[in-house]
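Read the figures in this text as sums done on the coordinates, not as results from a lab. These numbers were taken from a predicted model, which means no experiment stands behind them. Cβ placement follows ideal geometry from the backbone for every residue including glycine, while neighbour counts extend to all protein chains displayed.
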């Protein structure tokens, strides 16, 4: 059986670390083990001088369908968001080197909010971004309730995070969620090219510029924690369990 997350170096530039979601039979839905693997890769990159940029990819036609609903249902029974997910969100927020993502196809839930922590995102024109948190009787995560209104404005943020409206790649670009739209055939090439250009820049200057642009991390971490408390409380509700069970019956 293939690994659900593949960690590798870009063949043409070893300073680019690639994290590839590789669970296409489940639309690259994230499990606890996948979160642990990705967290370890991000944390290791912080102290590895050989890594200058990390890139996220899914598989053809699907970036990620979000969190594995089976894991959510299990978490609902215990009333916990899951430390593996929290650790991954911390690793995203605290990443010390540029993060780049190449999105093709579905980007649902964490498949959308992950990109909020990326410095550049290139998406194919067939991509769709959606966060159906409220539809599952849950609340936004990954600091999205803080970041999305800042970049999109209140109404588009509400449309995405509360109403659960789908955003096309062009909608997402116009809203400031992603940087560029290209074809499905070009998304990986253009993403890796952008990452390689970043990796070739003076690393200390790039780090300072990135830190200035992103600002202090403490506010993001605090919002991740606040969202997680609400999320954990929602998981204990009959409303959430009913929503998960209905989803599993589809």
Q.
I'd like the full set of residues that are surrounded by fewer than 24 Cβ atoms within 10 Å (Cβ to Cβ) and more than 15 Å from residue 147 (Cβ to Cβ), limited to region 109-120.
A. 120
Q) Of these, 123, 157, 163, which one is buried (at least 23 other Cβ atoms within 10 Å of the Cβ), in contact with a helix residue (DSSP H, G or I) (Cβ under 9 Å, 6 or more places away or on another chain) and either in contact (Cβ under 8 Å) with a residue 12 or more places away in the chain or assigned to a helix (DSSP H, G or I) (or both)? A) 123
Q. Got a sec? Which of 187, 181 is out of contact with any helix residue (DSSP H, G or I) (no Cβ under 7 Å at 6 or more places or on another chain) and within 14 Å of residue 121 (Cα to Cα)?
A. 187
Q: Could you check residue 135 against (1) in a helix (DSSP H, G or I); (2) within 26 Å of residue 235 (Cα to Cα); (3) without any contact (Cβ under 8 Å) to a residue 40 or more places away in the chain and say which number it fails?
A: (3)
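Look at residue 199 and say whether it is farther than 24 Å from residue 89 by Cβ and touching a strand residue (DSSP E or B) at 6+ places or on another chain (Cβ under 6 Å).
yes
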Q: Mind listing whichever residues of region 21-47 are farther than 21 Å from residue 2 by Cβ and without any contact (Cβ under 8 Å) to a residue 24 or more places away in the chain?
A: 44, 47
